[in-house]
Amino acid sequence: MNFISLFAGIGGFDLGLERAGMECDSVVEIDKNCQVMLKRHFPNAKIYNDVKGVGLATHERKSIDLICGGFPCQDLSIAGKRQGLAGERSVLWYEFARIIDELEPQWVVIENVPGLLSSNKGKDFAIIIRWLAERGYGVAWRVLDAQYFGVPQRRRRVFIVGSFGDGRAAEVLFERESSPGDTPPGRKKGKEVAYSLRANPSHSGDKGNGGINTTLIAKSLSTNPANRLSREDNYIAGTLNNGFPGRDASDAADGKLVIGPLQAHSKRHGHAMTTQQAAESGQFITWNWQSGGDIRHNFNEKPMLQASQVHAVGVRRLTPTECERLQGFPDNWTDGQSDSIRYRQLGNAVAVPVIEWIGRRIVKARSEK
């Protein structure tokens with residue numbers, strides 16, 4: 001499948017659809033800085049700088065399988081003046097529509113902010129859906145959140161998919177909840193399927209003493225330090241507790257702890273315990289992490305990890321590389337520009353994994369027809 005990407009930005013749609021197995025024929029983007037990125041990453045695609053010049057003047061009818069893009073959202077966002085499709089920028093939807101009308105692709109994918117659904121009391125959204133339906137497209141729409149596609153941010157966007165002449169658009173955006181043959185095979189019932197995990201498994205009357213109650217992986221998780229690890233037990237980890245009051249560190253060190261309590265400050269006889277005192281009392285892997293101390297097995301060894309000696313936790317802005325990762329782009333996708341330009345480009349981009357998911361489902365629906 002080949003596609004034209006309108007309002008391409010730095011190529012979020014294009015990267016996602018190429019990952020899904022499609023080929024980028026053309027991109028349309030007016031921003032000069034974005035054009036540099038598009039030329040770098042999509043050298044075989046034709047680049048146009050004005051959406052008003054694309055259509056039958058540049059392509060033959062039905063030569064393109066899919067047209068995609070997110071037309072400007074500033075007039076639709078709830079953070080703006082909400083002038084809707086009549087606004088100076090979002091009015092470019094009608095250029096999007098003209099290109100679809102002229103080239104007649106089999107598939108259409110449109111992205112925008114959720115404010116599109118309520119713009120002009122829903123009338124603007126109805127204009128788009130009705131326009132597509134009147135031209136023979138089966139239409140489906142859904143709000144998708146990028147956090148469910150493998151990126152660590154909450155980014156909700158509405159996606160509209162149109163499939164010419166049929167209802168495959170719904171198969172793209174919606175998963176079947178169940179279908180024949182999905183029921184897992186039955187299994188034979190066991191006499192003793194599971195046993196309870198307890199802090200004290202030796203109560204008389206407990207079921208399953210055949211080794212089960214002596215091989216617990218972890219002690220109970222509790223804020224009560226009294227539930228500490230016994231020296232005779234064979235647990236992998238002891239109680240995780242918020243404090244260390246009333247206990248000498250050697251108590252824990254004599255047990256079979258893999259890691260000691262992780263806390264900002266440990267108390268020893270009512271006084272703050274130093275990192276070195278804690279380390280000398282037992283083989284703790286980590287200690288006093290919050291205050292930025294050395295992290296070692298033994299203070300006679302070199303530090304395994306030298307934590308930063310910063311005692312206050314502050315707030316910093318994300319780096320451009322981190323923003324690229326938030327949107328699902330490869331590292332350094334936008335490098336070679338000022339940070340301010342990179343931030344703006346990435347803030348306007350689509351989350352690549354969402355587009356890839358939609359693209360793969362379009363390819364699958366097309367192959368199954």
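The values are calculated or read from the model by the stated rules, or taken from the named source; none is laboratory data. Keep in mind the model is a prediction, meaning the values are calculated, not measured. Cβ placement follows ideal geometry from the backbone for every residue including glycine, while neighbour counts extend to all protein chains displayed.
Residue count for segment 1-52 satisfying the condition of being of a type in the set (Phe, Trp, Tyr) and in contact (Cβ under 8 Å) with a residue 60 or more places away in the chain: 3. If we keep just the residues of segment 131-161 that are farther than 18 Å from residue 346 by Cβ and touching a residue at least 60 places away in the same chain (Cβ under 8 Å), which is surrounded by the most Cβ atoms within 10 Å (Cβ to Cβ)? Looking at residues that are farther than 18 Å from residue 346 by Cβ and touching a residue at least 60 places away in the same chain (Cβ under 8 Å), I get 161. Filter segment 19-41 for residues that are touching a strand residue (DSSP E or B) at 6+ places or on another chain (Cβ under 8 Å) and either within 19 Å of residue 99 (Cα to Cα) or surrounded by fewer than 20 Cβ atoms within 10 Å (Cβ to Cβ) (or both) and give the result. Passing the criteria: 23, 24, 25, 26, 27, 28, 29, 35, 39. Only one of the listed residues (342, 361) is under 21 Å from residue 141 (Cα atoms), of a type outside the set (Asp, Glu) and either outside any helix (DSSP H, G or I) or touching an Asp or Glu at 6+ places or on another chain (Cβ under 9 Å) (or both). That residue is 361. Given (1) surrounded by 14 or more Cβ atoms within 10 Å (Cβ to Cβ); (2) closer than 21 Å to residue 155 by Cβ; (3) modelled with pLDDT under 90, identify the lone condition not met by residue 296. Failed condition: (2). When segment 32-52 is filtered for residues that are under 18 Å from residue 105 (Cβ atoms) and either in a loop (DSSP other than H, G, I, E, B) or at pLDDT below 95 (or both), the ones remaining, listed by number, are 45, 51.
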